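> I have a structure here, written as structure tokens, and I will follow up with some questions on it.
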């Protein structure tokens with residue numbers, strides 16, 4: 001076999017090249033897709049990757065229809081000097097799902113590490129497996145969560161949107177439930193550029209702090225949480241329908257350059273909660 005597969009803790013798999021000279025295109029996408037369906041997170045390491053952004057986007061087309069943004073197919077996640085949004089800052093990013101403010105919600109999040117942060121300088125991409133979170137929730141907590149609906153509003157360079165989602169909902173194509181939640185920024189973690197507006201129905205105003213704290217405890221529990229420390233050339237393929245993801249903060253000016261492409265499901269999932277978009 002040209003690669004080795006190792007289980008990650010607590011979910012996902014690490015796929016490593018077994019010999020030098022192998023490229024990611026030497027792996028059959030359909031075989032990776034089967035692993036993805038079971039594991040929800042694939043980390044490919046030690047393979048030759050991409051000569052350019054266009055090359056990366058071309059590879060992602062092999063997974064399905066790529067979501068096209070005003071900037072194109074590939075989002076270049078690099079710290080900016082004067083960011084107008086947190087994705088271009090060096091701050092941490094709370095847990096969320098992608099596509100929540102867009103007409104279609106992508107199934108696959110494909111990340112490519114062009115340049116990794118320096119060791120010990122932060123910048124991990126974080127993932128929470130919400131299927132596992134719900135499976136481990138107490139009946140009382142699960143009952144509470146099932147009664148909560150959230151409204152999120154966010155305006156940035158690429159959209160001005162409002163979306164509404166139940167906290168607990170069914171996976172769009174599979175027979176299990178997931179959480180759809182945009183974690184609120186923590187005041188303890190410093191300045192956060194351009195946070196979303198959030199409203200929750202089904203939670204008494206006086207209980208909102210406790211509600212958020214319980215969700216945070218569950219999402220970041222060692223049984224459901226994985227943080228990926230980047231190495232140059234890593235390719236990470238994440239299940240946006242099942243996982244939530246975020247980012248640790250990192251030392252400003254650390255050479256962190258991550259590319260991201262979103263790939264739609266087949267058929268594409270029309271965003272069920274989008275109320276306004278422009």
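The values are calculated or read from the model by the stated rules, or taken from the named source; none is laboratory data. Computed from a predicted structure; not experimentally measured. FYI the Cβ positions are ideal-geometry reconstructions off the backbone, even for glycines, and counts take in every protein chain you see.
> Could you please let me know if residue 72 is under 20 Å from the mean Cα position of the chain (by Cα) and closer than 19 Å to residue 247 by Cβ?
So residue 72 fails the test.
> Also, I was wondering about something else. Take the stretch 136-149 and flag every residue that is in contact with a strand residue (DSSP E or B) (Cβ under 9 Å, 6 or more places away or on another chain), surrounded by fewer than 22 Cβ atoms within 10 Å (Cβ to Cβ) and part of a helix (DSSP H, G or I).
Within the stretch 136-149, 142, 146 qualify.
> Please determine, by comparing only the residues of the stretch 67-82 that are touching a helix residue (DSSP H, G or I) at 6+ places or on another chain (Cβ under 9 Å) and within 22 Å of residue 278 (Cβ to Cβ), which one is surrounded by the fewest Cβ atoms within 10 Å (Cβ to Cβ).
72
> In the stretch 118-134, is there at least one residue being in contact with a strand residue (DSSP E or B) (Cβ under 9 Å, 6 or more places away or on another chain), on the phi > 0 side of the Ramachandran plot and crowded, with 16+ Cβ neighbours inside 10 Å?
Yes; the residues of the stretch 118-134 include at least one that is in contact with a strand residue (DSSP E or B) (Cβ under 9 Å, 6 or more places away or on another chain), on the phi > 0 side of the Ramachandran plot and crowded, with 16+ Cβ neighbours inside 10 Å.
Conditions (1) surrounded by fewer than 20 Cβ atoms within 10 Å (Cβ to Cβ); (2) touching a residue at least 40 places away in the same chain (Cβ under 8 Å); (3) touching a helix residue (DSSP H, G or I) at 6+ places or on another chain (Cβ under 6 Å), marked per residue:
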site	(1), (2), (3)
38	yes, no, no
47	no, yes, yes
51	yes, no, no
56	no, yes, no
62	yes, no, yes
84	yes, yes, no
90	no, yes, no
99	no, yes, no
115	yes, yes, no
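Listed here are the residues, each with its yes/no results for (1) at pLDDT 95 or above; (2) touching a strand residue (DSSP E or B) at 6+ places or on another chain (Cβ under 7 Å); (3) part of a helix (DSSP H, G or I).
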site: 50; (1), (2), (3): yes, yes, no
site: 56; (1), (2), (3): yes, yes, yes
site: 59; (1), (2), (3): yes, no, yes
site: 64; (1), (2), (3): yes, yes, no
site: 84; (1), (2), (3): no, no, no
site: 87; (1), (2), (3): no, yes, yes
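> Right, next: Can you spot a residue in the stretch 9-26 that is outside any loop (DSSP other than H, G, I, E, B) and in contact (Cβ under 8 Å) with a residue 40 or more places away in the chain?
yes
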